[in-house]
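Visitor: After the structure tokens below, expect a handful of questions from me.
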Amino acid sequence: MIRAARKSDHEDMDALFRASVQALCADFYPPGVIEHWAGKPVPERILRGQTQGDEHFVLTRRGRLAAFGALNLQKELLEALFVAPEFAGHGVGRELLEFLLDLARSAGLTRIRVNSSMNAVGFYEANGFVEYGRGDFDLGGGVTLDSVFLARQLSGEARP
Ligand SMILES: CC(C)(COP(=O)(O)OP(=O)(O)OC[C@H]1O[C@@H](n2cnc3c(N)ncnc32)[C@H](O)[C@@H]1OP(=O)(O)O)[C@@H](O)C(=O)NCCC(=O)NCCS
């Protein structure tokens with residue numbers, strides 16, 4: 001089941017984010033970067049994104065939070081997509097991605113971008129995104145994340 005995130009989800013979303021970074025991104029970045037990125041528990045980070053136009057959605061399986069994602073329609077940007085480590089590799093990421101792409105299409109967007117961490121590039125390419133650049137994502141505190149910028153057309157395409 002996929003639904004809009006509620007304030008009561010924020011603590012679980014924050015915990016999922018931190019576990020996902022630690023388990024699924026660790027092979028692609030130095031330990032210090034992973035530690036800084038995962039950080040300490042900060043459920044307020046979800047609200048912070050919402051003040052900048054992010055809309056958050058959660059995917060649950062048998063009542064458990066399995067993934068969450070964030071879409072920013074003004075920026076035409078997929079802001080976040082994180083799957084809990086124990087649910088990774090079972091189609092959860094693709095299911096939530098397709099939901100968010102449908103929302104973007106319904107809102108009239110013809111293209112959506114994502115700033116991907118290195119570990120997720122293959123996932124986005126397997127889901128129709130094409131690389132258009134590379135750069136750094138600023139994590140604050142002088143730490144940056146090597147990132148790949150990808151985009152996917154949403155109109156005039158055969159649905160995958
Ligand atoms: C990247 C992520 C969202 C993928 O979610 P997932 O549920 O494990 O992926 P799915 O099972 O839905 O995979 C869908 C397809 O993508 C492929 N895929 C998934 N992860 C991949 C990867 N890292 N590299 C290459 N292909 C990948 C799968 O093989 C599958 O393709 P197939 O149907 O042709 O076999 C998840 O690993 C994650 O949360 N990573 C940590 C957080 C993160 O990096 N998020 C993105 C930040 S920009």
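Visitor: Only one of (1) within 13 Å of the ligand (Cβ to nearest atom); (2) farther than 24 Å from Pro30 by Cβ fails for Leu81. Which number is that?
Guide: Answer for Leu81: the failing condition is (2).
Visitor: Which of (1) modelled with pLDDT of 95 or more; (2) in a strand (DSSP E or B); (3) surrounded by 14 or more Cβ atoms within 10 Å (Cβ to Cβ) does Phe137 not meet, given it meets every other one?
Guide: (1)
Visitor: Determine if the stretch 9-21 includes at least one residue that is away from the ligand (no atom under 16 Å from the Cβ), without any contact (Cβ under 8 Å) to a residue 40 or more places away in the chain and more than 19 Å from Pro85 (Cβ to Cβ). Let's see the steps before the verdict.
Guide: Residues of the stretch 9-21 away from the ligand (no atom under 16 Å from the Cβ): 9-11.
Then keep just the ones that are without any contact (Cβ under 8 Å) to a residue 40 or more places away in the chain; that gives 10-11.
Then drop every residue that is not more than 19 Å from Pro85 (Cβ to Cβ), which leaves 10.
Within the stretch 9-21, one or more residues are away from the ligand (no atom under 16 Å from the Cβ), without any contact (Cβ under 8 Å) to a residue 40 or more places away in the chain and more than 19 Å from Pro85 (Cβ to Cβ).
Visitor: Another question about this same structure. Here are Phe68, Phe129, Phe99, Phe87: which of them is touching a helix residue (DSSP H, G or I) at 6+ places or on another chain (Cβ under 7 Å) and within 15 Å of the ligand (Cβ to nearest atom)? It would help to see each step written out before you state the result.
Guide: Working: Phe129 fails: touching a helix residue (DSSP H, G or I) at 6+ places or on another chain (Cβ under 7 Å); Phe99 fails: touching a helix residue (DSSP H, G or I) at 6+ places or on another chain (Cβ under 7 Å); Phe87 fails: touching a helix residue (DSSP H, G or I) at 6+ places or on another chain (Cβ under 7 Å).
Among Phe68, Phe129, Phe99, Phe87, only Phe68 is touching a helix residue (DSSP H, G or I) at 6+ places or on another chain (Cβ under 7 Å) and within 15 Å of the ligand (Cβ to nearest atom).
The values are calculated or read from the model by the stated rules, or taken from the named source; none is laboratory data. Computed from a predicted structure; not experimentally measured. For neighbour counting, all protein chains shown are included, and Cβ atoms are generated from backbone atoms with ideal geometry for every residue, glycine included.
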